[in-house]
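Below is one structure, written out as structure tokens; the observations come after it.
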Amino acid sequence: MSAAGMRCPACGSTNIVDDDLYSQAQLVCVDCGSVVSEGVLANDPVGGSDVSFSRTTAVAKRPCTNLIKGQQRVKAICRILMVNREIEDLSQTYYKMAYEHKAFLKVSLQKKEILTGCCVLLSCRQLNWPITVGTISCLLDADSMAVGAIYQEMVKNLSIEAPIINVTDVIEAHCHEYKISSLDVPEELAENSRDLTKRAVALVELAADSWIVTGRKPIPIMMAATYLAWQSLKPNKHRLKFSLDKFCQVAKVKKLKSAMKRVAEIKEVLCKLGKEIPWVRETVTPDNVIQLVECILQNRYALLRRAMRTHEDALLEESQASCAEAPPEGTASSQISECADQTPITSFVKQNGSNSDGKEKPGDVDYNPRVLPEHSDTQESQNPPPNWGKRVLFAPPCVIHAKKRRAVQPEHTDVTGDEEISDSEIDSYIRTPQEARDFALMQQMLSLSDSAKS
């Protein structure tokens, strides 16, 4: 761009242009190349307004190494679980928030690694992606109790509302872990994942109705339900002879120790309900109850009501028989009725709307096995028999297998240490003549051995 009104002092030409290839603007003569004038940086800024020194020397803050590694770990867990991109982005956001929170600044690297799995777990639960704490613990190779504690701490510190999931919500994802499709196992052992999930969910719901799920870890229950569902879908000789250990080996999953106990408990409930099926004539045992699983699940609520009524009638007859043996013959009838009215089982039957004759229709009263008997204000209810859960058909495990409480030992407040010692106790401290001779002989032998060494 030419500068108007200026002339080159060397050649007198007016063809003068701005040369802005350098740090300062210069006016140069095109004809002879002489520099007509040089610009001043302070007075003639180039390329815009003045810039402060702090802005020109500022450096963008980079995230620390542990934060970068943690976000990479979050991404790796999401890729292993094959979640969608929304869950992956939300997990990384939660991890950055938790990492920069003051509660997680000065913690160990192991806790920060567990924090990555907790962020993925929280994101999956918020976006309705079924996953369990046990799955995260397996991926992190960490204790499930530690993962649960850090998860609760993170939710509390970040003030995030985490939805509570049920065991039936995650059983579909759990069933997909079993490699029992037609591509992995022989045809007689293969099973469709959708049918397996549907049957396993029904078994878990039955376990929940009979208190088996209460206070238990979900993964062993899901494993037991999946195993029994696999056997009951095609109860042929090939599947019935498979134990839980062999099933886990074929399905390529790790067997849990408590899963076998859950299998036995679910089979026990199935046997109680299978005995109430009218058209089953043979004795129902844990060995043959698998063949009745489909029928039991289809009529689950009716069989539950019938089993509860049968059990209550049996307890009522037992209590009446025990009351009939105690009183004399003249007052037997009156005291039997009084004893039956005072029995807790009878009051429970009356509260549920059933009479002693047992002639009600199955649909008249809705029996709920999860409703515990309400104790009255009588003396019997104030002093209930020990471990009442064994008198009920279905009860929580903590009641059936109640822990024995230690008896509280009375404190001896009258012992001060200044009491007199009895003569018999003093005599026990004095050596007998034989003990005195043995002691003297031992002292003599020790002195001889010491002199021989010296």
>> Can you find a residue that is among the aromatic types (Phe, Trp, Tyr), more than 25 Å from PRO220 (Cα to Cα), open to solvent by less than 60 Å² (accessible area, probe 1.4 Å) and assigned to a helix (DSSP H, G or I) anywhere in segment 96-104?
In response: yes
Discussion item. For the structure I just gave you, tell me whether LYS112 is open to solvent by 80 Å² or more (accessible area, probe 1.4 Å) and either of a type outside the set (Phe, Trp, Tyr) or assigned by the TED database to the domain that holds ALA225 (or both).
Written reply: no
Counted residues in segment 159-176 being farther than 25 Å from TYR95 by Cβ and part of a loop (DSSP other than H, G, I, E, B) come to 2
Whether any residue in segment 115-137 is open to solvent by 70 Å² or more (accessible area, probe 1.4 Å) and either among the charged types (D, E, K, R) or not in a loop (DSSP other than H, G, I, E, B) (or both) is what I want to check.
no
Restricting segment 1-45 to residues that are of a type in the set (D, E, K, R) and open to solvent by 60 Å² or more (accessible area, probe 1.4 Å), the one modelled with the lowest pLDDT turns out to be ASP44
Does segment 197-210 contain any residue that is surrounded by 14 or more Cβ atoms within 10 Å (Cβ to Cβ), on the phi > 0 side of the Ramachandran plot, assigned by the TED database to the domain that holds VAL289 and within 25 Å of the chain's Cα centre (by Cα)? no
Among residues of segment 289-300 being farther than 13 Å from VAL269 by Cα and part of a helix (DSSP H, G or I), the residue least open to solvent (accessible area, probe 1.4 Å) is CYS295
Suppose the filter is at pLDDT below 90, more than 25 Å from the chain's Cα centre (by Cα) and not in a helix (DSSP H, G or I); does ARG62 pass it?
yes
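The values are calculated or read from the model by the stated rules, or taken from the named source; none is laboratory data. This is a predicted model, so every value here is computed, not measured. All Cβ positions, glycine included, derive from the backbone under ideal geometry; neighbour counts span all protein chains shown. Heads up: the accessible areas ignore ligands, DNA and RNA and are worked out on the full protein's heavy atoms, side chains in. Shrake-Rupley method; radii C 1.70, N 1.55, O 1.52, S 1.80 Å.
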